[in-house]
1. Rounded to the nearest 0.05, what FRET efficiency is calculated for Glu34 and Lys108 with R0 set to 41 Å and r the Cβ-Cβ distance?
2. Compute the projected area of the convex hull of the Cα atoms of region 118-234, averaged over all viewing directions, and report it in nm² to one decimal place.
3. Using only DSSP helix segments of four residues or longer, with each worth -39500 (n - 2.57), what per-residue ellipticity at 222 nm results for the chain after dividing by its residue count and rounding to 500?
4. Could you work out how far helix 122-138 tilts from the main Cα principal axis of the chain, as a 0 to 90 degree angle to the nearest 10?
5. Hey, in the GNM for the chain with a 10 angstrom Cα cutoff, which one of Ile173, Ile181, Ile31 fluctuates hardest?
6. If I take the Cα coordinates of region 9-182 and project them onto the principal axes, what are the three extents in Å, biggest first?
7. Angle, helix 283-292 long axis vs. longest principal axis of the chain, Cα atoms, 0 to 90°, nearest 10?
8. Tell me, in nm to one decimal, what length is gained between Glu338 and Ala52 on full extension, where the rule is 0.36 nm per residue of separation less the Cα-Cα distance?
Amino acid sequence: MEGTKDKPLRHGYTTGSCATAGAQAALTALILQEPQTEARIRLPIGEEVTFAIVSCEVGAERAEAAVIKDGGDDPDATHGARICVEVRWTEEPGVLIDGGPGVGRVTKPGLPVPVGEAAINPVPRKMIREAVEDVLNRFELPDRGVAVTVSVPGGEEIAKKTLNGRLGILGGISILGTRGIVVPFSTSAYKASVAQAVRVAVAGGCRHLVLSTGGRSEQYGMSMYPELPEEAFIEMGDFVGFALKQCKAKDVDRVTLVGMMGKFSKVAQGVMMVHSKSAPVDFGFLARVAEEAGVPESVLEEVRGANTAAQVGDRMLELGIPAFFEKLCEYCCRSGLEEVGGGLELETAIISMKGELLGRMALPAQGEGEL
């Protein structure tokens, strides 16, 4: 097994990418009136990828293509799912996107998709729309209308292994993805890469490291500290506690954590591995933080009954209560310092899905007895 430690992780592709490839193949098949065996699409990260089309049916007014979801070396519940996409001509120009059997429907607020719509997130919708428009333009049919329906056979059963039910997404899985690829986070190899990144930064003379949960939060961290060298910025993924311990072990003076409401609501309550399956968000805890920030009782009830941490953040922003985010950041700092036993200065910045600063707080280095 020794040799497997250095083996690079194989990334997979999101359900959104699979649906986009299916839409492109189905529309091409409909126009040419012949089945397609592959589809090449451009991912949001700029990479071009060819997907195998496992089945393709063509009729005069409709076509359907299917792609098998490949989760790479970090397979989730949707790994191996069959993502089917049907396209039909419509009388009105434009691209209509909806979900069929096995794709969930949103029933609660606080998600990126409005209540009542199919759980196909904004980036996959954009990817599908652009892929359809590209095909129409390629065949000089820019004014044709197309209805796209994404289905997942067995999706309702697969969804039982996800958080969809708790989030109010009923009837199937979600079509997700912001980058187009699935980066393996929950593996020992990813932890090894975080440890290596910390070593490289410290070896290069960095005394202040900025740890982020993903690409968008890393970009915000870079805007916060433009004077720091590139190696000072490390994507820790879900491994907050592990990354902080690596920094402490290497005698880093100062650490800044940058992330969003969902994951940092968990850090604030002492959860240091923030994968979606690690622990649910504690809305009772968020209500206590809100109470400490002076939020009125009527709003505290809303917090306790919220659907997502992001929904709580949106409400606090709407009410203009910056003290809530500052308190939450303070809790994150205290939890982080407790995890490593003090000895470094810790700062937390919480940003919104749009990349706006919600709150920021730093606590000085503390000794064991001060925590």
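1. For Glu34 and Lys108, the calculated efficiency is 0.45.
2. Dividing the Cα hull surface by four gives the mean projection, 11.6 nm².
3. Value at 222 nm, helices only, nearest 500: -11000 deg cm²/dmol.
4. Long axis of 122-138 versus the principal axis of the chain: about 30 degrees.
5. For the chain, modelled as a Gaussian network with Cα springs under 10 Å, the answer is Ile31.
6. The principal-axis extents, from largest down, are 44, 37, 27 Å.
7. Value to nearest ten degrees: 50.
8. The span from Glu338 to Ala52 would gain 98.1 nm if fully extended.
All of the numbers you see were taken from the coordinates with simple rules; none came from a lab. Small disclaimer: the values here were computed from a predicted structure and weren't measured. When we count neighbours, we look across all protein chains shown, and the Cβ atoms used for this are built from the backbone with ideal geometry, even at glycine.
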